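This report refers to the structure that appears directly beneath it.
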Amino acid sequence: MANVDARELESKVKQMYREVAESPEGEFHFEMGRVMAERLGYPATDLDRVPADAIASFAGVGHFFNLAGLESGETVVDLGSGSGMDTFVAALKVGPSGRVVGVDMTDEQLAKAERLRAAGGFGQITYRKAYIEETGLESGTAACVISNGVINLAPDKGRVFKEAARLLRPGGRLAIADIVTDAALPESVVCNADLWAACIGGAAQRDAYREQIEAAGLSVTRVQENPEYRFISDRALGATTKYGVKSVSILAVKR
C-alpha cells in the first residue's frame, strides 16, 4: 500500500482538503455537508449545536459516536480533524470538564476550525498542526481516539494505529469510520495520488486493515458497514463497484 509517491500524495491531499475548507460548495468525488451527516447517523439535535460552517465542510465517511460511548470529562483526540465537525460533536459529549484535541496537517482546515471554535466558545477544544502518524501528544492520556475518513489517506496505516494505541490509556477506545475494500486494489489504483486523495486509492483490504489495528495492540470489538455513504463521481463509483470499496465504522479497545 505504500507504493504511491508520499510527497505527491501529501501535496494532493492538502490541495483537496484546502478546497474542502474554503469552497465546500465545489465538486468533489464525495458528498459533504449536513444532509449527508444526518443520513450517516448524526442526530439533528447534535448538529443544531455545531457551527454550520464546520458541517458544510464535513467530509467524513461514517458515524461512530454510537460506538465511542464518550462520557463527561473524558479526553478525546481526533486524527485528521479537518474543519472540526467531529471535534465539536465530541465536545458536546465530554462537556466543559472534558478535553478534545484535533490534529490536522492542512493549514486552511486548522484555521477554519479554530475560527469556529473561538466564535462558538468551545473552550475544551484545541487544535494542533501535526501528522496523524506522529502527533507529538503525550502518551496514555486519551480515553478515546476518533478519526473519520482520514486513515485511508495515510501510506503507512500501521504507524497511525500504533500512534493511536500510544495515545490511549489502557482500556481506551479507538472509534473510527474509514474506507476499506473487499478486494485488494491493483497497482494502477494504488499508485494514483489523485485516487488516494479522493479516499479510494489508499483504501486497504478490510481483513488487512483489521490485522493492522490488532497488531498495534488494539482488540477490534465491533465493525459496522455504512451503506448510506456513497461516492458520487463516475471514476469513484467505478472503483466502488469493481473492488468493493465501502465505508465501515470500527470500535477497538487497547489491550
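Coordinate-derived values only; no laboratory data. All values reported here derive from a predicted model rather than from experimental measurement. Glycine also receives a Cβ, built like all others from the backbone with ideal geometry; neighbour counts cover every protein chain displayed.
What percentage of all Cα-Cα pairs in the stretch 1-131 are separated by more than 18 Å? It works out to 53 percent of all Cα pairs.
Spread over its residues, the convex hull of the C-alpha atoms of the chain is 104 Å³ per residue. Ordering 45-56, 230-241 by mean Cβ neighbour count within 10 Å, with the highest value first, yields 45-56, 230-241. Just how large is the dipole of the stretch 6-254 about the Cα centre, in debye to the nearest 20, putting +1 at every Lys and Arg Cβ and -1 at every Asp and Glu Cβ? Dipole magnitude for the stretch 6-254 comes out near 520 debye. Name the residue farthest towards the positive end of the dipole of the chain from the options 70, 190, 83, assuming +1 on Cβ of Lys and Arg, -1 on Cβ of Asp and Glu, about the Cα centre. So the residue furthest toward the plus end is 70.
With the helix formula -39500 (n - 2.57) applied to DSSP H stretches of n ≥ 4, the chain reaches a computed 222 nm mean residue ellipticity of -11000 deg cm²/dmol.
Under the combined filter of DSSP loop state and at most 11 neighbouring Cβ atoms within 10 Å, the stretch 113-189 retains these GluC sites (Glu not before Pro): 138.
Note: relative contact order over the chain, using C-alpha pairs below 8 Å and six or more positions apart, is 22 percent. In terms of distances greater than 28 angstrom between alpha carbons, the cross-link table entries 162/242; 12/254; 162/246; 93/242 yield 162/242; 12/254; 93/242.
Result for the chain in a Gaussian network model with C-alpha springs under 10 Å: among 226, 66, 152, the largest mean-square fluctuation is at 66. Here the label points at residue 225 and residue 118, each 7 Å from Cα along the C-beta direction, are separated by 4.5 nm in the simple model. Given in Å, the Rg to one decimal and the Dmax to the nearest whole number for the Cα atoms of the stretch 151-255 are 13.9, 44. Exposure proxy shown here: for 162, 12, the number of other Cβ atoms within 10 Å sets the order, fewest to most, as 162, 12. Proximity of backbone amide H atoms, modeled 1.01 Å from N, is registered between residue 100 and 76, 125, 126 at under 5 Å, excluding neighbours fewer than 5 places apart on the same chain. Among 199, 191, 144, sorting on how many other beta-carbon atoms sit within 10 Å of each Cβ, with the fewest leading, yields 191, 199, 144.
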